[in-house]
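Written below as structure tokens is the structure these notes are about.
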Amino acid sequence: MTADAPTILATSMGFAFRDRNEIDYEPGPIFPFAFELARAPERPKLCFIGTATGDAVTYLATFYAAFADHDVQTSHLALFAMPNVEDVRAHLLSQDVIWVGGGSTANLLAVWRVHGLDRILRECWESGVVLGGVSAGSICWHEGGPTDSYGPQLEPLTDALGFLPYSNGVHYDAEKRRRPLFHDLIGNGTLGAGYATDNGVGIHYRGTEFVEAVADRPGVYAYRVERAPDGTVSETRIPPRLL
């Protein structure tokens, strides 16, 4: 089964480190929530897309290791040096959840567009496959947001997929330039109004509507940031539901 409406989980969260070795992570509570939204509680099908890090082998190993002890049908889509599945569209449409890892949002978008993945992922979303991701895997579904894709200094990205008609700020509490730049870009009209997430927080969208914020830890928040007619920027803190 799939979600009963187009669904996106845009987050600054994902895996939790267990500290036994360098790739020893476990799935955070966002994943059971995603499976629940996909109405797939038994052996859900989860595909990981790591384009934002160039399909780094260590990231793929971390993903598979995290789910090794879970009753989840895991797979991945790699695009370097060529797609690792024969029919990308069929593979993605057969999933319950697609999870996009962090890294370079700009590079992710460029590679996806070359391969037509932007169109395929929209079809997946409209068909009820739950789309989710962290960092670059959050910004990509929106109109854009601050990114470090171009170098160590954050810069605006304004040509993301636009499935969601908002801007997006990630790691809002973890990197000191994220919040002021997000405010500046919305205030000067470079970006439209949007939502931001502290580390450990995700946003659930049903269609293009905000449903709720969720978190994997206490003391963190989501935020609605928008520009008033006089050019000032307001930020409304949104307490999340603890998963």
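The values are calculated or read from the model by the stated rules, or taken from the named source; none is laboratory data. Since this is a predicted model, take the numbers as computed values, not measurements. All Cβ positions, glycine included, derive from the backbone under ideal geometry; neighbour counts span all protein chains shown. Heads up: the accessible areas ignore ligands, DNA and RNA and are worked out on the full protein's heavy atoms, side chains in. Shrake-Rupley method; radii C 1.70, N 1.55, O 1.52, S 1.80 Å.
Search the stretch 107-150 for residues being of a type in the set (A, V, I, L, M, F, W, C) and assigned to a strand (DSSP E or B), and hand back the single one that is farthest from residue 180 (Cα to Cα). First the steps, then the outcome.
Looking only at the stretch 107-150, we keep the residues that are of a type in the set (A, V, I, L, M, F, W, C), and these are 108-112, 114, 117, 120-121, 124-125, 129-131, 134, 136, 139-141.
Filter again for assigned to a strand (DSSP E or B), leaving 130-131, 134.
Details: 130: 31, 131: 28, 134: 21 Å.
Here the residue is 130.
Here the condition is being open to solvent by 60 Å² or more (accessible area, probe 1.4 Å) and assigned to a loop (DSSP other than H, G, I, E, B); of 217, 237, it holds for 217 alone. Within the set 151, 144, the sole residue that is on the phi > 0 side of the Ramachandran plot and modelled with pLDDT under 95 turns out to be 151.
So how many residues does the stretch 182-194 have that are surrounded by fewer than 21 Cβ atoms within 10 Å (Cβ to Cβ) and on the phi < 0 side of the Ramachandran plot? Write out each step before concluding.
Step one: list which residues in the stretch 182-194 are surrounded by fewer than 21 Cβ atoms within 10 Å (Cβ to Cβ), which gives 183-184, 187-190, 192-193.
Next cut, on the phi < 0 side of the Ramachandran plot only: 183-184, 187-188, 190, 192-193.
Adding up the residues that qualify gives 7.
Filtering the stretch 28-42 to residues that are at pLDDT 95 or above, open to solvent by 30 Å² or more (accessible area, probe 1.4 Å) and either farther than 17 Å from residue 204 by Cβ or outside any loop (DSSP other than H, G, I, E, B) (or both) leaves 32, 36, 37. Could you tell me whether any residue of the stretch 220-236 is under 17 Å from the mean Cα position of the chain (by Cα), over 21 Å from residue 53 (Cα atoms) and of a type in the set (Gly, Ala, Ser)? Yes, the stretch 220-236 has at least one match. Filter the stretch 70-103 down to the residues that are closer than 27 Å to residue 37 by Cα, of a type in the set (S, T, N, Q) and open to solvent by 10 Å² or more (accessible area, probe 1.4 Å) and list them by number. 73, 74, 75, 94 - these are the residues of the stretch 70-103 that are closer than 27 Å to residue 37 by Cα, of a type in the set (S, T, N, Q) and open to solvent by 10 Å² or more (accessible area, probe 1.4 Å). For first residues located in the stretch 100-120 and touching a residue at least 24 places away in the same chain (Cβ under 8 Å), partners that are surrounded by fewer than 20 Cβ atoms within 10 Å (Cβ to Cβ) and part of a helix (DSSP H, G or I) and lie 6+ apart or on another chain with Cβ distances below 6 Å form the pairs 101/59; 103/53; 112/118; 120/89. Filter the stretch 157-167 down to residues that are over 20 Å from residue 228 (Cβ atoms) and either open to solvent by less than 60 Å² (accessible area, probe 1.4 Å) or part of a strand (DSSP E or B) (or both), then give me how many there are. Residues that pass the stated criteria total 6.
Restricting the stretch 200-221 to residues that are small (Gly, Ala, Ser) and in contact (Cβ under 8 Å) with a residue 60 or more places away in the chain, the residue that is farthest from residue 38 (Cα to Cα) is 200. Just one of the numbered conditions (1) open to solvent by 70 Å² or more (accessible area, probe 1.4 Å); (2) closer than 18 Å to residue 34 by Cα; (3) assigned to a helix (DSSP H, G or I) is not true of residue 63: (1).
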